[in-house]
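Values quoted throughout were computed directly from the atomic coordinates according to the rules given, and no laboratory measurement underlies them. Values in this document were obtained by computation on a predicted structure and should not be read as measured data. Cβ: placed from backbone, ideal geometry, glycine included. Neighbour counts: every protein chain shown.
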Amino acid sequence: MVPMKMRSLALAILTVLAGCQAAPTPTRAPNIVMIIADDQAWGDFGFMGHPDILTPHLDQLAARSALFERGYVPSSLCRPSLATMITGLYPHQHLITGNDPPRGVQRDRMLKHIAAVPTLPRLLAPRGYRSLQTGKWWEGNCQCGGFTEGMTHGEPKRGGRHGDIGLQIGRKTMQPIFDFVADCGDNPFLLWYAPLLPHTPHNPPERLLARYRTPGRSIHVARYFAMCEWFDETCGQLLNDLDKRGLRDNTIVLFASDNGWIQRTDRRGYAPRSKRSPNEGGVRTPIMISWPGHVTPGKREQLASTIDFAPTVLRACGIASEQSMPGLDLVALAASKDAERRTVFGEIFAHDVADVDDPSRSLLFRWFISDRWKLIVPTASKAKTQLYDVLRDPTEQRNLAAEQPERVAELREALDRWWSPN
C-alpha cells in the first residue's frame, strides 16, 4: 500500500499536470492570403471541368477548400470588383464604379473614396497584422488602402494607372511575396495577390503556348489558355512557399476572379456577354476558401459573392464586421450553420465614370439572382429586361421575361429594395 504522504504528493503532481493539460494553448491569429485571377472565365479551370486548360495547383487548392461553384462578383469590371473585395461594400456604396475618371478630371479625385471607407488592411492593423499589396491596385499608393507595405507607388506616369510596378508580380517575379512572408516572422499577415494574369497582354512562355497550339484552334485562344496555366504556376509557387514555412494550417486562402472573360477567336480581346457585362460570362466566378481545421473541403451548392470576403476575414480574426458590410461569413456558409445565401445582387457601370460622386449617372445594369432565377434590368429605356433560369440555361440563351411577367415583377421589387438609383 502506498503511504498517505506519497499518495498526497502523487495527487498533487497529477493535479498540476492536469491543470497544465487543461490550460488553453494560445492560438495565433490566422494569416490571410487573397488570390485573385484577372480576366478569367468561371469555367476555365481544371477543377471546374475545363477539358484543356491545366491548372494543377489551383486544382489542389480546390481539393482543400470549400468550393462555391456558383460564386459571383457584384460588378464585372476590375476596379470596382477589387474595391468590393477589400472593403466588403457594393460599388454604389464605396463609390468606385469605373476604371477611369470623367474626361478632364484628374485621377487623384477618385482616390478619396478608398480613403473614406473601411478596408481590410486598416481594420486588421490594430490586431498586429502586416499587409502586403502586389499586382492590380487602382487606388493610388498602396497605403491609400491601408496596406503597411506594397509594390504600387500610385504615380501613373511612372508605370500605369492600375498597378505600376506592382504588375511585375507573377509575370516577372514572386520574390517580394517570399521576402515579406519570411520577414513577418510571428506577425500575422494579409497578402493581396492580384497579378496581371491571365490578363492581356497574352504573351505566355513558349513552353506553355506549345502545349495549346493545336490544329483548328485559334492562336488567340491558345495564348489565353496558356496564360491561365501560367497564372496557375505562380499560385503554386505562392502556396508551396507557405507549405515550406509550415504556415498553411494557420492560413486562410480566399480565391476568386475579378471578372469573367470569353476570348474572341478572330482577334485579341473579349467577346460580348463576358467582361463588363451582367451575364454569367462577366459576373460568375468560382469562389474558394481554405482554412484547415475550420472549413471542411468539398463543393457547395449555395450562392456566394466576393462581397462576403471582408466579413469572412474579420469574423475569422475576431473582429466585428462594419454595420455597412452586407456580406455573409463564408466559413459559416460553408458549414451551413449560421448563414444561408439564396440571393446575390450586382450592378454594372460604365468603364469611364460620369460623375465621381454619383454612381447612378454611370449605371448600365442592375442584376439579381434568387436561387435559379436571374433578372437583368437595364437603365436604357429601350433595352430589354432579361430573365433566365441559369441552372438550366447557364449561357443565358433563352430570355423568359416576356413569358413570366409575374416573376419579373417579383424579382424587380426585391432588386429595387436592395438599391434603386432613383
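Structure notes:
- Cα centroid separation, the stretch 358-403 to the stretch 118-175: 34 Å.
- Each peptide in 369-379, 198-208 was scored by the mean count of other Cβ atoms within 10 Å over its residues; highest first, the order is 369-379, 198-208.
- Vicinal HN-Hα couplings computed from phi for the stretch 276-289 (Karplus, 6.51 cos²θ - 1.76 cosθ + 1.60; Hz; Gly/Pro x): 6, 10, x, 7, 4, x, x, 10, 8, 8, x, 10, 10, 9
- Ranked packing of 101-109, 294-302, 224-232, most packed first, by mean Cβ within 10 Å: 224-232, 294-302, 101-109
- Applied to the stretch 55-63, the Karplus parametrisation 6.51 cos²θ - 1.76 cosθ + 1.60 on θ = phi - 60° returns per-residue 3J(HN,Hα) values of 9, x, 6, 6, 4, 5, 4, 4, 5 Hz, with x for Gly and Pro.
- Global form of the stretch 361-418, assessed from the alpha-carbon gyration tensor, a/c cut-off 1.5: prolate
- Residue pairs, from the table Lys136/Lys172; Lys275/Lys374; Lys112/Lys136; Lys136/Lys384; Lys244/Lys299, whose Cα atoms sit over 23 Å apart: Lys136/Lys384; Lys244/Lys299
- Take the Cβ atoms of Arg264 and Arg28, set R0 to 51 Å, and the FRET efficiency comes out at 0.60.
- About the centre of its Cα atoms, the chain shows a dipole size close to 280 debye [charges on the beta carbon of Lys, Arg (+1) and Asp, Glu (-1) only; nearest 20 debye].
- Selected from Ala37, Cys78, Ser370, residue furthest toward positive end of dipole (the chain; charges at beta carbon): Ala37
- Here the stretch 290-347 and the stretch 184-220 have alpha carbon centers that stand 27 Å from each other.
- Interchain or long-range residues, amide H under 5 Å from Ser257's placed H: Ala37
- Student exercise, the stretch 148-283 dipole from Lys, Arg, Asp, Glu Cβ charges, in Debye to nearest 20: 960 debye
- Global form of the stretch 300-387, assessed from the alpha-carbon gyration tensor, a/c cut-off 1.5: oblate
- Gyration tensor (alpha-carbon) shape descriptor, the stretch 31-341, a/c threshold 1.5: rounded
- Computed about the Cα centre, the dipole magnitude for the stretch 156-236 is approximately 600 debye when only Lys and Arg (+1) and Asp and Glu (-1) carry charge, each at its Cβ.
- Under 5 Å, built H, 5+ apart or other chain: amide partners of Ser305: Tyr72
- Simple spin-label estimate for Ile219 and Arg342 gives 5.3 nm between the two label positions (7 Å along the Cα-to-Cβ direction from each Cα).
- Peptides ranked, highest mean first, by Cβ atoms within 10 Å: ranges 391-402, 61-72: 61-72, 391-402
- In nm, spacing of pseudo-spin labels at Ile319 and Arg211 (7 Å Cα→C-beta vector): 3.7 nm
- Beta bridges per DSSP with both ends in the stretch 31-341, % antiparallel, nearest 5: 25 percent
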